[in-house]
Amino acid sequence: MDGCVDHSAGSTDAVLLEEALRATHHHAIASMGRADALLFGRVTYQMMEEAWRLETRTLTMPEWTDPFARTIDAMKKYVVSSTLGEVDWNAELVRGDLAEAVQALKQEPGKAVFTGGVRLPMALAELGLIDEYEFVVQPIIVGRGPSLFAGLSKVIDLKLVDRIELSSGAVALRYEPRR
């Protein structure tokens, strides 16, 4: 609830934590169905690839995560990075001017391009390139770790367009920027 986006932080109650993770993954599958592709920075891409790339995954995940793994594994991915030499896993590197590259992606036919992480969404918000924000607010206060949009240089007024209560007590909130 405090804006912390540290994936290693969660409830100290194992049952509550699993319920929250199940509900969040189920919701993420539905959300990703509204997109044609994912846009990640290097750190998020590498973290997601390690956890969810089926062909090379070395992590053991609970069976209930399989639908999420299959969904994200199959999706097209764009990776913003100046340090990676190449990517695979249905991915393509995005180089050059971020604003121009993202504008070009947004002009392609089809559904939306979703992003996640901390630094890339911040950069996209600064450039006014986010058409919709979705926040999944977990019923926990962590009090440490990276915070979403910490240091944003401008105020972005948002209008609520959807609200979904998850079975875990989390709430998924979708907003559009007021322009």
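Derivation of every value follows stated rules applied to the coordinates shown; laboratory data play no part. The model shown is predicted, which means the values in this text are computed figures rather than measured ones. Note that we place each Cβ from the backbone using ideal geometry, even for glycine, and neighbour counts take in every protein chain shown.
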TODO: Rounded to the nearest Å, what's the spacing between the alpha carbon centres of the range 25-79 and the range 91-158? Just the number, please.
DONE: 17 Å
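Would you mind counting up the charge near Tyr133? Only other residues with Cβ under 14 Å from its Cβ, with Lys and Arg at +1 and Asp and Glu at -1. Write out the running numbers ahead of the final one.
On the way: positive: Arg34, Lys159, Arg163, Arg174, Arg178, Arg179; negative: Glu126, Asp131, Glu132, Glu134, Asp157, Asp162, Glu176.
Summing Lys/Arg as +1 and Asp/Glu as -1 gives -1.
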Open item on the list: Under 13 Å from a point placed 7 Å out from the Cα of Ala74 along the Cα-to-Cβ direction: which residues of the range 45-67 have their backbone N that close?
Closed with: 67
Open item on the list: Give me the net charge for the shell around Arg95: Cβ to Cβ below 13 angstrom, other residues only, Lys and Arg +1, Asp and Glu -1.
Closed with: -3
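Can you tell me the convex hull volume per residue for the chain, based on C-alpha atoms, in Å³ to the nearest whole number?
On the way: hull volume 23.6 nm³, N = 179.
Cα-based convex hull of the chain, divided per residue, equals 132 Å³.
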TODO: Apply the Karplus parameterisation 6.51 cos²θ - 1.76 cosθ + 1.60, with θ equal to phi minus 60°, to every residue of the range 86-93 and state each ³J(HN,Hα) to the nearest whole Hz, in sequence, with x for glycine and proline.
DONE: 7, 9, 9, 6, 6, 10, 9, 6
- [ ] Taking the Cβ of Asp66 as the centre, find all other residues whose Cβ is under 13 Å away and add up their charges (Lys, Arg: +1; Asp, Glu: -1).
- [x] +1
Task: Dipole in debye (nearest 20) - the range 85-173, about Cα centre, beta carbon charges: Lys, Arg +1; Asp, Glu -1 - done: 360 debye
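Between Ser82 and Ala123, 0.36 nm times their residue separation minus their Cα-Cα distance comes to what? Intermediate values should be presented prior to the final figure.
On the way: separation 41, 0.36 × 41 = 14.76 nm, distance 1.47 nm.
Extra length from Ser82 to Ala123 when fully extended: 13.3 nm.
For the chain, give the magnitude of the charge dipole about the Cα centre (Cβ charges: +1 Lys/Arg, -1 Asp/Glu; no others), in debye to the nearest 20. Walk me through the intermediate numbers first.
Values: 19 positive and 26 negative charges, 83 e Å.
That gives the chain a dipole magnitude of about 400 debye.
Quote to one decimal, in nm, the extra length available between Glu92 and Met47 on full extension: 0.36 nm per residue of separation minus the C-alpha distance between them.
14.6 nm
DSSP loop GluC sites (Glu not before Pro) in the range 102-150 with at most 11 other Cβ atoms within 10 Å of their Cβ, which ones? Don't skip to the end; give the middle numbers.
On the way: sites: Glu126, Glu132, Glu134; in loops: Glu132.
Within the range 102-150, no GluC sites (Glu not before Pro) qualify (loop, at most 11 other Cβ atoms within 10 Å).
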TODO: Using Cα pairs closer than 8 Å and at least 6 residues apart in sequence, work out the relative contact order for the range 22-163, in percent.
DONE: 25 percent
TODO: Output the DSSP H helices from the chain with an along-axis C-alpha extent of no less than 20 Å and a mean Kyte-Doolittle hydropathy no less than -1.0.
DONE: 14-32
